[in-house]
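Engineer: Can you keep this structure in mind? I'll have questions shortly.
Read-outs throughout are calculated quantities, based only on the coordinates presented, and are distinct from any laboratory measurement. Bear in mind that the values here come from a model prediction, so they are computed numbers and not experimental data. Cβ sites come from the backbone with ideal geometry, for glycine too, and all protein chains shown count toward neighbours.
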Amino acid sequence: MTTLIVLAVIAAWLYYRRPQRPTPGAGASANARARQLRTPAVRIADALNIPTQRGQEASRYAVAAEAEQRTAARINPLRREGWVVLHDLALPSGKANVDHLAISPTGVVIMPDTKCWSGRYRVRANGGRLLHGERDVTDRLRGLRHEASTVSRVLGVPVIPLVVMEGAPIEGGELTYDGIRIVPAERAPAVLRSIGSTRTSRDAQALARLATSNFPPYTRKPR
């Protein structure tokens, strides 16, 4: 009983001392959600190795945050080449967020979306469906289409969605499903450079200013 009381006090202290306004950046909103789910009761259960639904969900958000941070670390160096690279952005309405937004020096707008799926199974297309092993994951691209459409409407230019796959191998090395290219995480910088090399008449800096003013960091979005 004494041990449980001590654990409860420690868990409550850790929970209530968390920052009210998380630092913006890649994976910030996923990390914030993981912390929110890890209430004192969940922390005690974790300490006692008792699985809970909230604890498992918190772990998934934490894994997603780490994956987004790895993607950010891969593509942030593009800034030295004149790219604008933003992370964890809020859309004007709704609860969805944009993992990453990259604007090339020539004005090409690309929206990389990090997916972190188990490396035990391959990602493949079969019979008009996207599969991870035998699981149908076609609907998991629906949100990405909505986000790309919203960003495109606000910026007034086409936005190219791109899935950056962490963990799961991709059949054939990479694939394109229903117009969305899915590439291994390590190839993300090269793929962005290739897509972004297209010449346009767009003003990249003007697009960057428009994106920054319309898509604030998700963790700074007014609730």
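Engineer: Which shape class applies to segment 32-166: rounded if a/c is under 1.5, otherwise prolate when a/b exceeds b/c and oblate if not, where a ≥ b ≥ c are the square roots of the Cα gyration tensor eigenvalues?
Structural biologist: prolate
Engineer: Just add up the charged neighbours of Pro184: K/R +1, D/E -1, any other residue whose Cβ is under 9 Å from the Cβ of Pro184.
Structural biologist: -2
Engineer: Could you work out how much longer the chain between Ser197 and Gln56 gets when fully extended? Use 0.36 nm per residue separation minus the Cα distance between them, nm to one decimal.
Structural biologist: Full extension of this stretch gives 46.6 nm more.
Engineer: How far is helix 28-37 tilted off the main Cα axis of the chain, in degrees rounded to 10, range 0 to 90?
Structural biologist: Orientation of helix 28-37: about 20 degrees from the principal axis.
Engineer: Which whole-Hz couplings ³J(HN,Hα) result when phi for each residue of segment 163-177 is put into the Karplus expression 6.51 cos²θ - 1.76 cosθ + 1.60, θ = phi - 60°, listed in order with x for Gly and Pro?
Structural biologist: Each residue of segment 163-177 in turn: 8, 9, 9, 9, x, 6, x, 10, 4, x, x, 6, 8, 10, 10 Hz.
Engineer: Just from its helices, what would the mean residue ellipticity at 222 nm be for the chain, if runs of 4 or more DSSP H residues each count -39500 (n - 2.57) and the sum is divided by every residue, rounded to the nearest 500 deg cm²/dmol?
Structural biologist: Helix contribution divided over all residues of the chain: -13000 deg cm²/dmol.
Engineer: How far, in nm, would the chain grow between Arg209 and Ala73 when pulled straight, counting 0.36 nm per residue and subtracting the alpha carbon separation?
Structural biologist: Result for the pair: 46.7 nm of gain on full extension.
Engineer: Here's something else I'd like to know. Give the peptides 144-150, 161-167 in descending order of average Cβ contacts within 10 Å, highest first.
Structural biologist: For the peptides 144-150, 161-167, the packing ranking is 161-167, 144-150.
Engineer: Restricting to the chain, what percent of DSSP beta bridges are antiparallel, rounded to 5?
Structural biologist: 60
Engineer: What nm distance separates the two modelled labels at Arg129 and Asn49, each placed 7 Å from Cα along Cα→Cβ?
Structural biologist: The two pseudo-label positions are separated by 3.8 nm.
Engineer: As an exercise, use a Förster radius of 45 Å and the Cβ-Cβ distance of Thr176 and Ala41 to find the FRET efficiency, rounded to the nearest 0.05.
Structural biologist: Efficiency for this residue pair is about 0.50.
Engineer: Compute the acute angle (0 to 90°) between the alpha-carbon long axis of helix 204-214 and the principal axis of greatest extent of the alpha-carbon atoms of the chain; round to the nearest 10°.
Structural biologist: 40
Engineer: Working from Cα positions, state the angle (0 to 90°, nearest 10) between the long axis of helix 142-155 and the longest principal axis of the chain.
Structural biologist: 60
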